[in-house]
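Engineer: Have a look at this one before I ask anything.
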Amino acid sequence: MTQVKPTVVAPSTASVAVPLLDVTRSNAAIRDEILQLWAQIYDQGGFIGGPHVKNLEAELARVCESRQAIACASGSDALVLALMAAGIEPGDEVICPAFTFFATASAIWRLGATPVFADIDPQTFNIDPVHVRALINNHTKAIIPVHLFGLACDMSALRAICAAEDLWLIEDCAQSIGARYQGQAVGSIGDVGCFSFYPSKNLGGFGDGGFMTAMDDQVAAQLRIFANHGMTEQYRHEYVGLNSRLDSLQAAALWVKCRQLEELAEQRRANVARYQQLFADCQLDQVLGLPNEPDGCFHVWNQYTIRIPDGRRDEIKAVLAERKIGAAVYYPIPLNRQRCFASLGYAEGSLPHTELACREVLSLPVFPGLTHAEQDRVVAVLHEAWHAKSCLRAAG
Ligand SMILES: *Cc1c(COP(=O)(O)O)cnc(C)c1O
């Protein structure tokens, strides 16, 4: 049997809690600059729209290598607005993964259309283009790939499908700002990119917010109209749109934070490289499913998500919780099995890779500012949890 080296045990920090996410650490460096801008806005008034939103949009278009960026109230709204721009209506079908946050599918449902769930590639957790192709019929109007956990989907395959079948390609980039696929920034590959400023995202705001990217000026203009009550001129409503705006306070803070974006991604990447090394050092890489970065992709690691096999995920998660290590299951219930979508009629086992992922995944702390000592402790506790129980089992 392989001998396990106890290189990762860090007893000096053994009782200290490790959070899954601590946004205050990376926000500390820009605190004064943001508070100063907020004080200015406070004194001048002008809380909606204005130069802060315009400046942020220009910066986001640059960062995402898109012609246009349009701010809105949330990532969930961004998805609804993108589908509205695609002309999605009742009777239409939109293909998306079931292994994602709820908003990907609820946006489709909101417009009276039908989400059609494709299974995932078990290696990347992202939508499987082969299954997507099999689901296309006359009602299919769009595909929403989700660049889950910070990793781009197989966009060359999806783009080819959309071109051949004349479908809209709407990228759910909520978890993946800054991620790249074969040299292209996510959000600049499909027709519309949908992003979120929810505080746990890689460009996290100080409340809710989101934006959309588009390479086509006409599509961008439509998105802007839909986000502003469908208003084409003052008080002339061509469509029934949404009230979906970003506050000036949010925009000003996010504009400052944009400057950190590359550095924060590098910190996440360094944390992941260190996890991979620590897991290899104690040979946990032999038993756990560790994520990786496929060739041609630049992963921004919104989540570092491992697989714990043998039906042991929940037991190990409980040990981590008891030892105050932050860890979470994204996502425990596949969307095809959510009660609100019961009428869609997906039986258990209909998306096997998705359902297995829901039973095996566990996301570990990877946020910028996570210390080496904290990482050591995460790995040490995981190591202990895995072996404690296997020894008991081996002993009968
Ligand atoms: C967070 C998230 C959303 C929704 O963004 P909000 O800003 O919270 O509305 C949509 N899709 C995915 C994959 C997400 O992770």
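The values are calculated or read from the model by the stated rules, or taken from the named source; none is laboratory data. Since this is a predicted model, take the numbers as computed values, not measurements. Positions of Cβ are generated from backbone atoms using ideal geometry, with glycine treated the same way; all protein chains shown enter the neighbour counts. SASA here: full protein model, heavy atoms, side chains in, ligands and nucleic acids out. Shrake-Rupley method; radii C 1.70, N 1.55, O 1.52, S 1.80 Å.
Engineer: Which number in (1) assigned by TED's automatic domain parsing to the domain that holds Gly210; (2) not in a helix (DSSP H, G or I) marks the one condition that Thr305 misses?
Structural biologist: In the conditions (1) assigned by TED's automatic domain parsing to the domain that holds Gly210; (2) not in a helix (DSSP H, G or I), Thr305 misses (1) alone.
Engineer: Next up: In segment 90-134, which residues are under 22 Å from Asp295 (Cα atoms) and in a loop (DSSP other than H, G, I, E, B)?
Structural biologist: Asp119, Asp121, Pro122, Gln123, Thr124, Phe125, Asn126, Asp128
Engineer: Name every residue in segment 66-87 that is in contact (Cβ under 8 Å) with a residue 60 or more places away in the chain, more than 21 Å from the chain's Cα centre (by Cα) and in a loop (DSSP other than H, G, I, E, B), in order of residue number.
Structural biologist: Hits for segment 66-87 are Arg67, Ala86.
Engineer: Within segment 224-244, track down each residue that is within 16 Å of the ligand (Cβ to nearest atom) and under 19 Å from Glu59 (Cβ atoms).
Structural biologist: Ala227
Engineer: Right, next: If you check Gly193 against the conditions, is it buried (at least 24 other Cβ atoms within 10 Å of the Cβ) and assigned to a strand (DSSP E or B)?
Structural biologist: Judged against the criteria, Gly193 is a match.
Engineer: While we're looking at this one, here's another question. Does segment 76-85 hold any residues that are within 21 Å of Ala185 (Cβ to Cβ) and open to solvent by less than 10 Å² (accessible area, probe 1.4 Å), and which are they?
Structural biologist: Ala78, Leu79, Leu81, Ala82
Engineer: If the requirement is being open to solvent by less than 50 Å² (accessible area, probe 1.4 Å), within 19 Å of the chain's Cα centre (by Cα) and of a type in the set (A, V, I, L, M), which of these qualifies: Ile136, Ile144?
Structural biologist: Checking each option against the conditions leaves just Ile144.
Engineer: Report yes if some residue within segment 86-97 is within 16 Å of the ligand (Cβ to nearest atom) and open to solvent by 10 Å² or more (accessible area, probe 1.4 Å); otherwise report no.
Structural biologist: Among the residues of segment 86-97, not one is within 16 Å of the ligand (Cβ to nearest atom) and open to solvent by 10 Å² or more (accessible area, probe 1.4 Å), which makes the answer no.
Engineer: May I pose another question? When you scan segment 146-154, do you find a residue that is out of contact with any Pro (no Cβ under 6 Å at 6 or more places or on another chain), modelled with pLDDT of 95 or more and away from the ligand (no atom under 14 Å from the Cβ), even just one?
Structural biologist: no
Engineer: Is it the case that some residue within segment 106-119 is modelled with pLDDT of 95 or more, within 16 Å of the ligand (Cβ to nearest atom) and open to solvent by 40 Å² or more (accessible area, probe 1.4 Å)?
Structural biologist: Within segment 106-119, one or more residues are modelled with pLDDT of 95 or more, within 16 Å of the ligand (Cβ to nearest atom) and open to solvent by 40 Å² or more (accessible area, probe 1.4 Å).
Engineer: Kindly indicate whether any position in segment 35-49 is modelled with pLDDT under 95, touching a Phe, Trp or Tyr at 6+ places or on another chain (Cβ under 9 Å) and outside any helix (DSSP H, G or I).
Structural biologist: no
Engineer: Could you go through segment 222-234 and let me know if any residue there is surrounded by fewer than 16 Cβ atoms within 10 Å (Cβ to Cβ) and among the aliphatic types (A, V, I, L, M).
Structural biologist: No.
Engineer: Here's a follow-up. Scan segment 156-180 for residues that are closer than 19 Å to Trp301 by Cβ and either among the polar types (S, T, N, Q) or within 16 Å of the ligand (Cβ to nearest atom) (or both) and jot them down.
Structural biologist: Glu171, Asp172, Cys173, Ala174, Gln175, Ser176, Ile177, Gly178, Ala179
Engineer: Can you name the number of the only condition in (1) at pLDDT 95 or above; (2) away from the ligand (no atom under 15 Å from the Cβ); (3) part of a strand (DSSP E or B) that Phe211 fails?
Structural biologist: With (1) at pLDDT 95 or above; (2) away from the ligand (no atom under 15 Å from the Cβ); (3) part of a strand (DSSP E or B) applied to Phe211, the lone miss is (2).
Engineer: Give segment 221-250 a look and list any residue that's within 19 Å of Arg67 (Cα to Cα) and touching a residue at least 12 places away in the same chain (Cβ under 8 Å), or say none.
Structural biologist: Gln222, Leu223, Arg224, Ile225, Phe226, Ala227
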